[in-house]
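First the structure, in the form of structure tokens, and then the observations on it.
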Amino acid sequence: QQAIPRGGELTVDPVGEGDTMGFRIRAAGTNAREPQNIAEQLNLANAGSVSAHAAQPYYTALLAEACGLKVSLAAEPDAVTVTAA
């Protein structure tokens, strides 16, 4: 939600198949950006104490882990890609 710029484009693609299926979401457009500190917040090993700002990424990582997936982010000029695989 925080990565997609106004007037940008959101693309969702499946990754894998069957029980190991995940997804890839790409937010692209002018000024697309990775939300501050979200990559660290998605890493459960570095979670430490969870603040109000980190609650959603933390629970996203917990849900992904429970489903056998790992969430990653990749930032590039004018695009951010979130992958759960």
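The values are calculated or read from the model by the stated rules, or taken from the named source; none is laboratory data. Nothing here was measured: the structure is a model prediction, and the numbers come from that model. We place every Cβ from the backbone using ideal geometry, glycine too, and count neighbours over all the protein chains shown. Side chains are part of the model used for accessible areas, which takes the heavy atoms of the whole protein and leaves out ligands, DNA and RNA. Shrake-Rupley method; radii C 1.70, N 1.55, O 1.52, S 1.80 Å.
A few remarks follow.
- Taken about its Cα centre, the chain carries a charge dipole of roughly 200 debye when the Cβ of each Lys and Arg holds +1 and the Cβ of each Asp and Glu holds -1.
- The phi torsions of the range 57-62, fed into the Karplus equation with coefficients 6.51, -1.76 and 1.60 and a -60° offset, translate into couplings of x, 4, 5, 4, 5, 5 Hz, rounded to whole numbers, with Gly and Pro shown as x.
- Calculated from backbone phi, Karplus (6.51, -1.76, 1.60) coupling profile of the range 17-32 in Hz, x at Gly/Pro: 7, x, 5, 9, 6, x, 8, 10, 10, 10, 9, 10, x, 4, 6, 4
- Surface share of carbon and sulfur [accessible, 1.4 angstrom probe, percent] for the chain: 50 percent
- Amide H within-cut-off set for residue 70, under 5 Å, with H built and near neighbours excluded: 85
- Taken per residue, the accessible surface of the chain reaches 70 Å², heavy atoms only and a 1.4 Å probe.
- Neighbour cut-off at most 12 other Cβ (10 Å), DSSP loop, GluC sites (Glu not before Pro), the range 17-76: 17
- Annotation: residue 78 carries an accessible surface of approximately 80 Å², with a 1.4 Å probe and no ligand, DNA or RNA atoms counted.
- One way to sum up the overall shape of the chain is the equivalent ellipsoid from its Cα gyration tensor, whose semi-axes run 21, 19, 9 Å, largest first.
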